[in-house]
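Some notes on the structure that comes next.
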Amino acid sequence: MSKTRYKKTNPRVALLADDLKTRSRENDAPIWRDIAEYMERPKRSHARVNVGNISRYTREGETIVVPGKVLGAGDIHHPVVVGAFDFSEGAQAKIVDAGGECITIEELATRNPAGSNVRIIR
């Protein structure tokens, strides 16, 4: 029995994974390959992280990446830069109100091609 490899049906996910793998090779940044591998998994295994968890596991001024969606449960009281595939409206409002920033994974990879000082939360 052979293992069948399925293509992603969401073109944004497929392009993101390809782009991150390329950036990983060009900049010797293994973090982007790790994120690409998470994004290639089935959607049901993508991360769903609440704002409260981001608050609990980060410090002020940190940059994190979530290979999935950020949800609005909980509170955050310090500014962080969050790169994620998607944000709920509530999560985005809470992060911005705390002085943080919500950006896409693509934008985070463009800003920080080496992936230095970026943590993965999933």
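Pairs only if they're at least six apart or on different chains, beta carbon under 9 angstrom, first in segment 101-122 and over 23 Å from LYS43 (Cα atoms) and assigned to a loop (DSSP other than H, G, I, E, B), second at pLDDT 95 or above and of a type in the set (Val, Ile, Thr); list them, first residue then second.
If the second residue must be at pLDDT 95 or above and of a type in the set (Val, Ile, Thr), the pairs left are ASN112/THR63; ASN112/VAL118; ALA114/ILE31; GLY115/ILE31; GLY115/ILE35; GLY115/VAL65; SER116/ILE31; ASN117/THR63.
If you scan segment 9-33, which residues turn out to be closer than 29 Å to ALA93 by Cβ and among the charged types (D, E, K, R)?
Passing the criteria: ARG12, ASP19.
Being modelled with pLDDT under 90 and surrounded by fewer than 17 Cβ atoms within 10 Å (Cβ to Cβ) is true for just one of TYR6, TYR57. Which residue is that?
TYR6
So how many residues does segment 60-89 have that are of a type outside the set (A, V, I, L, M, F, W, C) and either touching a residue at least 40 places away in the same chain (Cβ under 8 Å) or buried (at least 22 other Cβ atoms within 10 Å of the Cβ) (or both)?
Total meeting the criteria: 5.
Is it fair to say ARG33 is among the charged types (D, E, K, R), in contact with a Phe, Trp or Tyr (Cβ under 6 Å, 6 or more places away or on another chain) and either in a helix (DSSP H, G or I) or on the phi < 0 side of the Ramachandran plot (or both)?
Criteria not met by ARG33.
If GLN92 passes every condition in (1) buried (at least 18 other Cβ atoms within 10 Å of the Cβ); (2) part of a loop (DSSP other than H, G, I, E, B); (3) polar (S, T, N, Q) but one, which one does it miss?
That leaves (2) as the condition not met.
The values are calculated or read from the model by the stated rules, or taken from the named source; none is laboratory data. What you are looking at is a predicted structure, and each value in this text was computed from that prediction instead of being measured. Ideal geometry is used to build each Cβ from the backbone, glycine not excepted, and the neighbour counts take in all protein chains shown.
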